[in-house]
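Remarks on the structure that follows.
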Amino acid sequence: MKVMLMGAVVAIAAAAVPVAAQKANAVITKALADPARADQQGDDARRKAAEVLAFSGVKPGDVVVDYLPGAGYWTRIFTGIVGPKGHVYAVWPAAGAKYAEKSLPALQARALGNVTAEVQATNLPTSPKPVDLFWTVQNYHDIPNDGAGEPALRAFDTAVFRMLKRGGTYVVIDHADAPGTGMTGTETRHRIDPAAVKTQVEASGFRFVGQSPVLRNPADDHSKAVFDPAIRGKTDQFVYKFRKP
């Protein structure tokens with residue numbers, strides 16, 4: 001009898017996983033299809049938005065930090081995913097205030113009820129409540145620049161670690177540099193060796209969960225700066241997922 005009961009429990013648990021994944025994917029699909037995003041939707045396929053969001057595990061009710069959100073592409077998707085019980089913090093560090101001059105007013109003008117968009121008073125990220133997901137896209141390689149080096153990365157990753165709930169997720173998406181290059185191309189090519197990112201983030205206490213290959217491009221030989229017309233918009237990118245134990 002015990003064996004039968006245990007088998008039933010395992011079977012139910014196994015069945016629940018795909019059901020939960022299906023529900024999450026349905027929420028993501030609905031958020032992406034929102035007519036309010038009509039101006040963004042032409043970029044969804046190139047960014048592999050559905051795939052990377054599903055990989056992140058973001059879900060309704062989550063508290064999300066979209067760090068250095070640019071024009072708010074991801075913020076405007078997250079708002080539909082986390083829903084009224086969740087919240088999205090779209091934040092720029094104090095040192096990056098100039099990058100928010102146009103984007104911040106435009107994002108605030110949308111009056112999204114579950115979004116707080118702001119330039120923070122500090123350079124290290126903070127949040128008023130524990131966070132489920134910290135999300136940063138094509139920004140991590142900038143942190144060690146201007147001579148800041150590894151200490152800046154340690155401070156940043158430690159700040160993210162403190163913000164996250166236990167079991168919270170940290171997603172880093174960035175332009176890949178060639179294996180073995182470390183951080184040598186962060187200022188010139190605006191790329192970073194994925195292995196260097198993994199080492200840095202794990203050193204702050206995170207556990208590496210895995211990676212998604214959806215943004216990889218084997219045709220990119222990593223020799224060009226990401227703004228080079230020959231490769232811009234088609235760079236080899238990595239999607240890394242970490243978790244706070």
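Computed over the alpha-carbon atoms, the stretch 104-165 gives an Rg to Rh ratio of 1.01, Rh here being the Kirkwood radius from the mean inverse distance.
Volume per residue, Å³, of the convex hull around the alpha-carbon atoms of the stretch 78-134? Intermediate values should be presented prior to the final figure.
Working: hull volume 4.8 nm³, N = 57.
In the stretch 78-134, the Cα convex hull volume per residue is 84 Å³.
Surface exposure of the chain, expressed per residue as accessible area with a 1.4 Å probe, stands at 50 Å².
When only alpha carbons are used to place a centre, the stretch 23-88 and the stretch 166-202 end up 23 Å from one another. Computed from the C-beta positions of K224 and Y99 and an R0 of 30 Å, the FRET efficiency is 0.80 to the nearest 0.05. Only Cα pairs under 8 Å and 6+ residues apart enter the sum, and on that basis the relative contact order of the stretch 151-213 stands at 33 percent.
Each 10 Å bin from 0 upward holds the following percent of the Cα-Cα pairs of the chain: 7, 29, 36, 20, 5, 2, 0.
Going through the DSSP H helices of the chain, which span 20 Å or more along their own axis at the Cα atoms while scoring at least -0.5 as a mean Kyte-Doolittle hydropathy? Each step should come with its number before you reach the end.
Numbers: long enough: 2-32 (45 Å, 1.42); 149-163 (22 Å, 0.15).
Sorted by number, the helices that extend far enough and score high enough are 2-32, 149-163.
Both radii are taken from the alpha-carbon atoms of the stretch 112-245; with Rh as the Kirkwood radius, Rg/Rh is 0.97.
Carbon-plus-sulfur fraction of the accessible area of the chain, 1.4 Å probe, in percent?
Numbers: 7330 of 12240 Å².
The nonpolar share, carbon plus sulfur, comes to 60 percent.
With Rh defined as the Kirkwood radius, the inverse of the mean 1/r over Cα pairs, the Rg/Rh of the stretch 38-109 is 0.97.
Among 33-40, 194-201, 64-71, the peptide with the highest mean count of other Cβ atoms within 10 Å heads the list, and the full ranking is 64-71, 194-201, 33-40.
Taking all Cα pairs closer than 8 Å and separated by 6 or more residues, the relative contact order of the chain comes to 15 percent.
The values are calculated or read from the model by the stated rules, or taken from the named source; none is laboratory data. As the structure is a prediction and not an experimental result, all values here were calculated from the model. All Cβ positions, glycine included, derive from the backbone under ideal geometry; neighbour counts span all protein chains shown. The accessibility values were calculated without ligands, DNA or RNA, using every heavy atom of the protein model including side chains. Shrake-Rupley method; radii C 1.70, N 1.55, O 1.52, S 1.80 Å.
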